[in-house]
Amino acid sequence: MEPDDTAPATGHRAGHPADPADRAPGSVPLRARTPADIAAFVPLALGFVPSRSVVTVGIGGPGSMHARVDLPHDPDDVDDVVEALLRPCRSNGVRAVVVVVYDDDTTVADEAAWAVHEEFTAAGIHVREVLRVHDDHWYAVLPGAPLAAYRGVPFTLAEHPFTARGVFEGRVTHASRDALRGTIAADADAVRRTLPDLADAEVLAPGALGALVRRHVDLATTFSRAELASVAVSVPIGERRDEAWVWLDRAQARRAADLWSDAVRRLPTSHVAGPAAVLAFCAWLVGDGALAWCAVDRCREAQASHSLADLVAQLLESATSPDRWAELRPALTSSGDPAA
């Protein structure tokens, strides 16, 4: 089991490179002072409202990050969850966390909450708070809270100031991880319109894919049908695919993610693996680990083994911060064909 949605960044995996825990992804500080604040911050940070999940949010100091793992159905699998969450925290030097368990099974949730508390404490990581969240209530877990907190305190996510601020700043919080995954699912009508162009498409000349992608990223536009078809038959070639991503920096990453999200929605399974892998990298560079994992999954559904998708998965599983991209770029691209 690996951490799923870790961030500086989707049972499953955990691990996003992430922004500091007192910030939602973006640049505006968000200070969580109450349990309701924590419960409102987590969906904003992940980009979706979790269910049956264990989430750790690193707070303070270097290496801050957040990570999510599916809550198991069997209490015997809780140790795997703890290890999946602990590994990226250790590797990123996280010193303190808050833990939020989303559940519909109190027994397994409590087992997971206390196991995380015990193992993180033993590893020298301070657990500041542990909460359960279910059915629009948060519940205290650790001793010392008022009695009412153990019975459940209602809160309305949509009315919390963090949620309102996220909407104002244009950050989208999806109703579930499936809803997020749906944003890059194939659009049947768009795929149908693309198919005739794919039949006649030719591989782009060296340098042409990079120039095309740069232009659309700079202008925040999307590929025409003919362009998309040429892109789709070019990205399976490693050195062409490199033109699409190795030059990106964090300032360009959001526009690039939007460009490739549009592309993967318009492509059939036969041509989607390469574009989905490029999208996964762009999403990681944004710091959107949940979207990155969804793109990795979309790639692997079409092509079980793909080197660029595997590279992004490694970055996510280790919760490698996209802030390190300038440092990592020479090592990741030194082969001249890292994604072939």
Taking interchain pairs and intrachain pairs at least six residues apart, which have beta carbon atoms under 9 angstrom, with the first residue in region 122-138 and more than 22 Å from Tyr150 (Cβ to Cβ) and not assigned by TED's automatic domain parsing to the domain that holds Ser53 and the second at pLDDT below 95 and among the hydroxyl-bearing types (Ser, Thr, Tyr)? none
Counting just the residues of region 215-241 that are out of contact with any helix residue (DSSP H, G or I) (no Cβ under 7 Å at 6 or more places or on another chain) and polar (S, T, N, Q), which one comes out nearest to Leu308 (Cα to Cα)? Ser230
Scan of region 86-115 for residues that are touching a strand residue (DSSP E or B) at 6+ places or on another chain (Cβ under 7 Å), closer than 18 Å to Pro35 by Cα and not acidic (Asp, Glu), ordered by number: Ala96, Val97, Val98, Val99, Val100, Val101, Tyr102, Ala109, Ala113
Out of curiosity, is Arg165 modelled with pLDDT under 95, within 30 Å of Ser261 (Cβ to Cβ) and not in a helix (DSSP H, G or I)? no
Exactly one of (1) farther than 23 Å from Ala67 by Cβ; (2) outside the structural domain of Glu243 (by TED's automatic domain parsing) is unmet by Ala113. Its number? (1)
Test result for Arg181, part of a helix (DSSP H, G or I) and within 22 Å of the chain's Cα centre (by Cα): yes
Hits in region 204-224 (condition: surrounded by 15 or more Cβ atoms within 10 Å (Cβ to Cβ) and either of a type outside the set (S, T, N, Q) or more than 25 Å from the chain's Cα centre (by Cα) (or both)): Leu204, Ala208, Leu209, Gly210, Leu212, Val213, Arg214, His216, Val217, Phe223
Does region 109-120 contain any residue that is over 15 Å from Arg132 (Cα atoms) and in a loop (DSSP other than H, G, I, E, B)? no
If you go through region 168-200, how many residues are exposed (fewer than 15 other Cβ atoms within 10 Å of the Cβ), of a type in the set (Asp, Glu) and modelled with pLDDT of 90 or more? 3
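Residue-wise test of (1) part of a loop (DSSP other than H, G, I, E, B); (2) of a type outside the set (S, T, N, Q); (3) outside the structural domain of Asp136 (by TED's automatic domain parsing); (4) at pLDDT 90 or above.
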| residue | (1), (2), (3), (4) |
| --- | --- |
| His12 | yes, yes, no, no |
| Pro20 | yes, yes, no, no |
| Pro25 | yes, yes, no, no |
| Asp37 | no, yes, no, yes |
| Pro43 | no, yes, no, yes |
| Thr56 | no, no, no, yes |
| Pro62 | yes, yes, no, no |
| Ala67 | no, yes, no, no |
| Leu85 | no, yes, no, yes |
Just wondering, is there one or more residues in region 261-269 that are in a helix (DSSP H, G or I), out of contact with any strand residue (DSSP E or B) (no Cβ under 6 Å at 6 or more places or on another chain), among the hydrophobic types (A, V, I, L, M, F, W, C) and modelled with pLDDT under 95? no
When the residues of region 126-158 are narrowed to those that are among the acidic types (Asp, Glu) and part of a loop (DSSP other than H, G, I, E, B), which ends up surrounded by the fewest Cβ atoms within 10 Å (Cβ to Cβ)? Asp135
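The values are calculated or read from the model by the stated rules, or taken from the named source; none is laboratory data. Values in this document were obtained by computation on a predicted structure and should not be read as measured data. Reconstructed Cβ throughout: ideal geometry from the backbone, glycine too, with neighbour counts over all protein chains shown.
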